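The values are calculated or read from the model by the stated rules, or taken from the named source; none is laboratory data. Quick caveat: nothing in here was measured; it's all calculated off a predicted structure. For neighbour counting, all protein chains shown are included, and Cβ atoms are generated from backbone atoms with ideal geometry for every residue, glycine included. Surface accessibility is based on the protein's heavy atoms, side chains included, excluding ligands, DNA and RNA. Shrake-Rupley method; radii C 1.70, N 1.55, O 1.52, S 1.80 Å.
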Amino acid sequence: TQLLEQSPQFLSIQEGENLTVYCNSSSVFSSLQWYRQEPGEGPVLLVTVVTGGEVKKLKRLTFQFGDARKDSSLHITAAQTGDTGLYLCAGARGNTGKLIFGQGTTLQVKP
Amino acid sequence: DVKVTQSSRYLVKRTGEKVFLECVQDMDHENMFWYRQDPGLGLRLIYFSYDVKMKEKGDIPEGYSVSREKKERFSLILESASTNQTSMYLCASSFPGQGYSNQPQHFGDGTRLSIL
């Protein structure tokens, strides 16, 4: 069974701090997606990483896919209150169109 | 913009009732999904449909069924609701497209279902 372990599950930081969220598995994924979910809404895609070792930047967010395509990280620089939300990583299950989701990381950024 | 619309934001039902959750998407996506979301467990796939009248069980299909009579609509049915089905239910859709695994899923805003 493919599993994705996300850590930490909860993170409460002050505005301006940096943070990293990790997504780990013993399985290889063909690609990995990161979503953010705000209260009362569905998850929204942030990024897809496909190639082992790939790094993608989205303003203050940096996403990395491990060389072996088993793990990924999300780093936020100088967090803002608007970054508050639930962050979910999701690994593609081959070419089925289906995803397996991590448990999620709840981020609270305090002013 | 892709729009995935779930028929209810909040729903309260009683144990034993048959419950229907409806989802409509406007982007002509082939794939549609039903998930439940519980704290600390992430999103778990209940059922998946890759075409009209086609369905596939996900990881937790027990107690649920689905219907896809039209491409844009995917319904989740709780045959006889139980309290352990109290949860947030999320519908999503996507293209299979080229390189199926890379297509993003577009989510509705969820239905918070309480079974009393």
For region B:83-101, which residues satisfy the criterion of being open to solvent by 50 Å² or more (accessible area, probe 1.4 Å) and either modelled with pLDDT under 90 or not in a helix (DSSP H, G or I) (or both)? B:Thr86, B:Phe95, B:Gln98, B:Tyr100
Test of understanding: among A:Val28, A:Val21, A:Val49, which residue is more than 14 Å from the chain's Cα centre (by Cα) and within 19 Å of A:Lys70 (Cα to Cα)? A:Val28
For region A:35-85, what are the residues that are among the basic types (Lys, Arg), open to solvent by less than 80 Å² (accessible area, probe 1.4 Å) and more than 14 Å from chain B (Cβ to nearest Cβ)? A:Arg60, A:Lys70
Where in region B:1-70 are there strands (runs of 3 or more DSSP E), lying wholly inside it, with at least 3 residues that are open to solvent by 20 Å² or more (accessible area, probe 1.4 Å) and closer than 22 Å to B:Phe95 by Cα? B:42-51, B:54-57, B:64-70
Which residues, taken from region A:62-111, are under 29 Å from B:Tyr47 (Cα atoms), part of a loop (DSSP other than H, G, I, E, B) and among the hydroxyl-bearing types (Ser, Thr, Tyr)? A:Thr96
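Look through B:Ser80, B:Ser75 and report the one residue that is touching a residue at least 40 places away in the same chain (Cβ under 8 Å), open to solvent by less than 20 Å² (accessible area, probe 1.4 Å) and either part of a strand (DSSP E or B) or more than 10 Å from every other protein chain (Cβ to nearest Cβ) (or both).
On the way: B:Ser80 fails: open to solvent by less than 20 Å² (accessible area, probe 1.4 Å).
Unique residue meeting the criteria: B:Ser75.
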Matching residues in region A:56-75 (closer than 13 Å to A:Tyr87 by Cα and not small (Gly, Ala, Ser)) number 4
